[in-house]
Amino acid sequence: MAKIIVVTSGKGGVGKTTSSAAIGTGIALKGHKTVIIDFDVGLRNLDLIMGCERRVVYDFVNVINKEATLSQALIKDKRTKDLFILPASQTRDKDALTIEGVQEVLEELAKEFDYIIC
């Protein structure tokens with residue numbers, strides 16, 4: 001069973017995305033298969049921090065809406081063997097995330113990953 005780590009705050013600009021990237025990378029460097037999910041729908045900064053912004057084709061909302069599969073949306077990090085990124089949508093707002101949709105994606109990821117960073 002995967003361990004899910006949630007990095008959260010009610011305030012913007014406090015380093016949630018940067019911390020998530022660092023924690024996820026550190027865990028993956030220890031040999032644990034890790035995915036970092038960008039929940040900041042509308043802003044989408046995780047892929048920029050991780051240097052994979054040009055590789056985004058599908059995003060978290062596409063997966064929730066069944067417009068893409070997880071394997072289509074996940075981006076494998078080029079520098080860290082066991083690290084994957086699930087980018088947020090840049091064109092939608094947070095209302096696109098449903099409890100049921102997020103739960104379904106997390107359950108599917110938990111089958112394949114040791115750690116899920118949200």
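So here's what we get for this one:
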| read-out | value |
| --- | --- |
| Lone unmet requirement of (1) within 13 Å of the chain's Cα centre (by Cα); (2) open to solvent by 20 Å² or more (accessible area, probe 1.4 Å) for residue 77 | (2) |
| Residue within the range 91-109 that is farther than 22 Å from residue 1 by Cβ and under 14 Å from the mean Cα position of the chain (by Cα) present | yes |
| Any hit, the range 57-69, residues being under 28 Å from residue 31 (Cα atoms), basic (Lys, Arg), surrounded by fewer than 14 Cβ atoms within 10 Å (Cβ to Cβ) and without any contact (Cβ under 8 Å) to a residue 24 or more places away in the chain | no |
| Qualifying residues in the range 7-33 (those that are touching a Lys or Arg at 6+ places or on another chain (Cβ under 8 Å) and open to solvent by less than 50 Å² (accessible area, probe 1.4 Å)) - the one nearest to residue 75 (Cα to Cα) | 28 |
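The values are calculated or read from the model by the stated rules, or taken from the named source; none is laboratory data. This structure is a prediction, so every number in the text was calculated from the model and none was measured. Neighbour counts run over all protein chains shown; Cβ positions are idealised from the backbone, glycine included. Note: accessible area is taken over every heavy atom of the protein model, side chains too, but ligands, DNA and RNA are not part of it. Shrake-Rupley method; radii C 1.70, N 1.55, O 1.52, S 1.80 Å.
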